[in-house]
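Since every read-out is calculated from the coordinates, none of them should be taken as a lab result. For clarity, every value in this text was computed on a predicted model and none was experimentally measured. Methodologically, a virtual Cβ is constructed for each residue, glycine included, from the backbone with ideal geometry; neighbour enumeration extends over all protein chains shown.
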Amino acid sequence: MKKKTTNRGRRPASAHRVLKGRYSGRISGLVRGHHKAFRKGAGFFYQLVASLGDYSVFTMDAQGNISSWNSAAKAVFGFDEKEIIGRNFSNLFSEEDRNDGAPERELREAEKLGRAVDETWHIRKDGGKFWAAGAVFPLFDTTGALRGFTKIAQDLTPSKIKEDAAHSTSALVGMITDAIPALIGYIDPNQRYVFHNLAYKSWLGGDTRDLRGRRMADVFGSEAYRAVKPYLERALAGERVSFEMELPFEGNLRWVHIDYVPDMDPKGFLRGLMSLVTDITAAKRSEAALRKSEAELILAKEELEKQVEQRTARLTQVNEELTSFTYSASHDLRAPLRKVEGFAQAIALHAGDALDDEAKGYLARIREATKSMHRLIEDMLRLAGVIQRDLSHVEVDLSGAAAEIFAELQNADPNRSVEIRVQPGLRVRGDPELLRIALQNLLNNAWKFTRLAKPPRIEFGMMRDGKTYFVRDNGVGFDMRFAGKIFAPFERLHRMEDFPGTGVGLAIVKRAIQRHGGRVWAQSKPGEGASFFFTLNEGLRS
Amino acid sequence: MKCGVILYVEDDPDDIHLTMLNLEPRLPDCGFVVKRDGLEALEFLEEEAAASKVLPALMLVDIKMPRMNGLELLRRVRADGRLAAIPVVFLTSSGNERDKREALQGGAKFYFEKPLDFAAYDRIADALRSLLMRFP
């Protein structure tokens, strides 16, 4: 090494020589003194270096023995100034790097190129490793001789970054949680607040700026605290609890939903507790209102049902009374009718020849009228019977019944010749009496109204849909305007002298079909015959 | 044809008149005894039986009568050994299926509803005649 001692107060270069080689790393009072003088002389720069925050800055001699050490370096590397001065900076490198010769390389590179950068593991005093980025710069004296080096290093360990990030994260967290109207808080195992959001201020009023460090019991007051205490204790024991309660907050009662979430460390110890308090007063109120209106609705429904029941019972009763009355009245009318008919005949028998044609005519009309009345009474009795009768539920051969009815009709009127077609094999489950009565009325009608047809044709069968029966005739037909009327009792569409009838027949048919849960309807065109359709067992049977 | 007595039990005077008006010409050889209700008829029969008189060849009975109706009378007659052999025919205004069943199951030979039309009495007379012909 060149020795040009031009500077005052400087140690002779020979001191450096002593220090290099095998003496590097040995700390002697001589070396210390040298460095002390160096520091005092550069007091201002020392101050400068000390002010560089968390950048470690230290200087080394040409062999890499540390000659100065700033506070950040101490913070990062853990070594005190006293401990590290004179020791080689390679001690700050990991064993691998040392074995590799990395420190030496760094110095050589710095000397040659003017700088050397590294980003590698460094070693702390306690032996802990951390990641740091460093830059080494050479220091030359005025003669251009290498005096030593400066190294600047920055700690890049994740924890450091985390700490920085954490700082910015916590600001973000604060911003976010402050925007939420629910109470978000975090307490330590001693129930003191570590963190809380802004909502605490509006809920608890007053100057609730910073509750950190304050106990939960004090923040919420004894009444509220007492209420949540059992849940709190469970949570502090490690259980996640959720519950709803009405609690006072600054004099206002709120319905709240509270979640306590324990924060456990991996070993199972409680780090703290997160508390989330959401105001559900509005929801509770609507819920209460809803329940109230539900209850009212149920009550109203029950009331309505009761009323319906009562009215149905009354209607049923009235219906029964009417039907029973119809039955009795019809029944009791038969006797006097029979007598009128009987005595009219008696007159004819007794005074037959003595009567003139006019009187005979009157008698005949009396007899016709009584016959008519008789048929009406019979029909009314049948209608009442159809309404009242208990239904049986057996297999009924409709085809067979139709054939029988046609035979009876032919028997009673042997001179008429009618084309009859009955679809065979039509069977159904129902009440045989009622079904027979229905068929009888329909076929009777067809028989009656085809009186003028040439030739009269009556057909009974089933439609292609497999569930609708029909009775079709080519008789006198009717105007569809009255299609609805004809099924009402006592409704007639034809003159008595043209086509006699009581007007009750179709009412009987309708009733009988309805009791089987079916429907009946008709289609016709005046002069073009009529078709009557009915279904059975479609639904409600009564 | 030798007839005998027909016991006609009926309470309605009009019905009595009309029935007699129709049956007498059709059964000219028969004698008719009319009783106004079941009780009267029963008492009459019991008296005749007690006196060992010849009992009626046939009973023609209505159902609806005061004091004792036709069905009750039928039961009592069938229960009495002396009277049980007398054939009973019902001629009633009741079209009730139950009455008809009870009458026929109770031993009645025929059950007719009182006809509107006089011509129907032909059938009734025929039926009565068929029962009377067994009378020795």
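Data for the structure
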read-out	value
Test item: A:342-349 mean partner chain Cβ contacts at 10 Å	4
Under 18 Å from A:K201, Cα to Cα: aspartates and glutamates that are on another chain or at least 8 residues apart	A:D178, A:D210, A:D218, A:E250, A:D279
Residue-count net charge about A:P181 - beta-carbon cut-off 13 Å; Lys, Arg +1, Asp, Glu -1	0
Charge context of A:T370, other residues only, Cβ under 12 angstrom, K/R +1, D/E -1	+4
Average beta carbon contacts from partner chains per residue of B:13-19, 10 Å cutoff	3
Share, in percent, of DSSP beta bridges within the protein assembly as shown that are antiparallel, nearest 5	80 percent
Within-11-Å neighbourhood charge of A:R115 [Cβ basis; K, R +1; D, E -1]	-2
Size of region A:363-458 as Cα extents on the principal axes (Å, biggest first)	47, 36, 17
With at most 11 neighbouring Cβ atoms within 10 Å, loop trypsin sites (Lys or Arg not before Pro) (DSSP) excluded, longest segment of chain B	B:54-133
Pairwise Cα inverse-distance average, inverted: Kirkwood Rh of the protein assembly as shown (Å)	39.0 Å
Sorted by Cβ density within 10 Å, fewest first, the residues A:Y362, A:Y469	A:Y362, A:Y469
Members of A:K339/A:K510; A:K125/A:K151; A:K454/B:K114 lying beyond 27 Å, as alpha-carbon distances in this model show	A:K339/A:K510; A:K454/B:K114
Separation of alpha-carbon centers, region B:90-126 and region A:349-412, rounded to whole Å	17 Å
Distance from region A:454-525 to region B:1-21 (C-alpha centre basis), Å	44 Å
